[in-house]
Amino acid sequence: MGGFEDDEPPSKRARASSVESASLPDCFLFSKSANPLGSTMARPLPSQGKEAMVGSKGVIKKEEFVRIISKTLYSLGYEKSGAVLEEESGITLHNPMVNLFREQVIDGNWDNAVVTLNKIGLQDVNIMKSAAFLILEQKFFELLRNDNVMGAMKTLRREITPLGVNRKRVHELSTCMISCSPQQLFLGFSKLGIDSSSSRFKLLEELQKVLPPTVMVPERRLENLVEQALTVQRDACYFHNSVDGLSLYIDHHCGKDQLPSRTLQVLHAHHDEVWFVQFSNNGKYLASASNDKSAIIWEVNEDGELLLRHTLSGHQKSVMMVAWSSDDCQLLTCGQEEAIRRWDVKSGKCLHVYEHPGIGLRSCAWFRDGKQILSGLADQTFCIWDLDGKEVDCWKGQRSATTSDFAVAKDGNLIISLSRDNAILLFDRETKHERIIEEGSTITSFSLSEDGDFLLVNLVSEEIHLWNIRNDPVRVNRYNGHKHSRFVIRSCFGGSEQAFIASGSEDSQDRAMPIMNVIKMLKLSVSFS
């Protein structure tokens, strides 16, 4: 629905001057009552002192609290309970004038609804104009729906336009009426965001967003307050790592047992070092790559136990890495400067081998649509293939000789790779724009978050850096405490909503580091277990 375009809250908007009031039509003149709830009020509270406040800290206004509870009862369909609460407390949800206004809106009595709007006692001319605009706009649409085009035109010209509110919207309405035939007219309004099945109850919801909450209590206000309280408790919970719902009965708190801290199973199937492991997107499978020239697909059963499903053989050299397709039906394996193999997860059958004559392949990744794969070659070239092995694109890059990590963001345009030992290249295929992340020491690996906004970078200096790469790269945190000197250690995002960073360590100790999201996306604080 249309409405007033001012972004400032009602409390900051200037009150109308007497000149402004005099220029309005008679039906928009303010009433003399300074009370925003009108002259007819519920009986006052017995005391304006401590009894007017509730709660152990005395910061909750009793009248607001009761009105919000009444609103919630009505919203949940408990109309008798809501009425009893109003009667017993003496605190009404709406005063009689507001109730009349609501009835007139529901009944489609638009002209009288505008007159009653003036009698509610609003003191801000901008708020009243914005509310009147919504009412008259609904009147305009319903006249059109009833094929009363002349009546709609009259409403637009004589009632909506003089308000001087949301001129862009008024222009859209008038342009549509001029350019469209009567049969196409209402279809045109659906493109402007108007649903022909919209009810007048939706109009009331829009009016509640415009009118002060002292006049009409916002919808779902109590639910929003409770959700805010639960969210604050969850965000303050240092070890929170659960998908279970939070309880209203107790304050939320998680113990250390929420974090994996003991060995559940040891997998014995490879015959040499395991170089790379990765769970499938749905968590039902684990793939491992080994120096023994094989990869293994493990299946997670209902009890959480991993069972060997397929041993993938065929590589002539050590398998460096694996990559799951977005639907987890296929798996890529990459031999060390050799070839990429694509496997069917269900059968364990090799579906295709990707090779480049005379040049070994060093890394692999899927595009999110599952129709193309990306590979890094030993000569620092990047290649894109379709599933049948046809080369779609190829370009020369600058990559580190010590690591082969790279990633493709969800949109398929952003490709992330190492350009030098201490730098990461963020390359946009569509715009050809390049961004660089510079580090002070050698990068050993990196990991991209699920949403594609954060990059976790492991350094040989025994630090892990967290970068926000949504726009210009910004380092938002650093982590230390793990040992890292000889081997490639890959850290990753994990836990519920990827709220933790997990990392191995050369001292035989794993590290789990919580990310406390204080200000979304940018301000993060961290501690170590």
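Take residues that are among the charged types (D, E, K, R) and touching a Pro at 6+ places or on another chain (Cβ under 7 Å) and tell me which of the strands (runs of 3 or more DSSP E) falling wholly in segment 212-322 contain 3 or more. Working first, answer last.
Values: elements: 274-279, 285-290, 295-300, 306-312.
Correct list: empty, since no element meets the threshold.
Which of the residues that make up segment 452-491 are among the acidic types (Asp, Glu) and either more than 20 Å from Leu414 (Cβ to Cβ) or in contact (Cβ under 8 Å) with a residue 40 or more places away in the chain (or both)? Full working, then the answer.
As a first pass, look at segment 452-491 and keep what is among the acidic types (Asp, Glu): 453, 462-463, 472.
Across segment 452-491, the qualifying residues are Asp453, Glu462, Glu463.
Scan segment 48-89 for residues that are in a strand (DSSP E or B) and either in contact with a helix residue (DSSP H, G or I) (Cβ under 9 Å, 6 or more places away or on another chain) or surrounded by 15 or more Cβ atoms within 10 Å (Cβ to Cβ) (or both) and report the count. Spell out how you get there, then give the answer.
Of all residues in segment 48-89, those in a strand (DSSP E or B) come to 53-54, 60-61.
Keeping just the survivors that are either in contact with a helix residue (DSSP H, G or I) (Cβ under 9 Å, 6 or more places away or on another chain) or surrounded by 15 or more Cβ atoms within 10 Å (Cβ to Cβ) (or both) gives 53-54, 61.
Residues in segment 48-89 being in a strand (DSSP E or B) and either in contact with a helix residue (DSSP H, G or I) (Cβ under 9 Å, 6 or more places away or on another chain) or surrounded by 15 or more Cβ atoms within 10 Å (Cβ to Cβ) (or both): 3 in total.
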*asked:* Anything in segment 90-123 that is touching a helix residue (DSSP H, G or I) at 6+ places or on another chain (Cβ under 6 Å) and in a loop (DSSP other than H, G, I, E, B)? List them, or say none.
replied: Ile91, Thr92, Leu93, Ile120, Leu122
*Which pairs do you get when a residue that is aliphatic (A, V, I, L, M), found in segment 245-256, comes within reach of a residue that is in a loop (DSSP other than H, G, I, E, B), reach meaning Cβ atoms under 9 angstrom, with the pair 6+ apart or on two chains?*
Leu246/His252
*Mind counting the residues in segment 401-446 that are of a type outside the set (Asp, Glu) and open to solvent by 30 Å² or more (accessible area, probe 1.4 Å)?*
14
*Would segment 294-313 turn up any residue that is in contact with a Lys or Arg (Cβ under 8 Å, 6 or more places away or on another chain), in contact (Cβ under 8 Å) with a residue 24 or more places away in the chain, open to solvent by 10 Å² or more (accessible area, probe 1.4 Å) and of a type outside the set (A, V, I, L, M, F, W, C)?*
no
*Can you name every residue in segment 90-131 that is among the aromatic types (Phe, Trp, Tyr) and over 37 Å from the mean Cα position of the chain (by Cα)?*
Trp110
*Any chance Leu173 is at pLDDT 90 or above, in contact with a Leu (Cβ under 9 Å, 6 or more places away or on another chain) and open to solvent by less than 40 Å² (accessible area, probe 1.4 Å)*: no
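The values are calculated or read from the model by the stated rules, or taken from the named source; none is laboratory data. This is a predicted model, so every value here is computed, not measured. Neighbour counts are summed over all protein chains in view; Cβ atoms, including those assigned to glycine, are modelled from backbone coordinates with ideal geometry. Remember, those area values only see protein heavy atoms, side chains included, never the ligands or the DNA or RNA. Shrake-Rupley method; radii C 1.70, N 1.55, O 1.52, S 1.80 Å.
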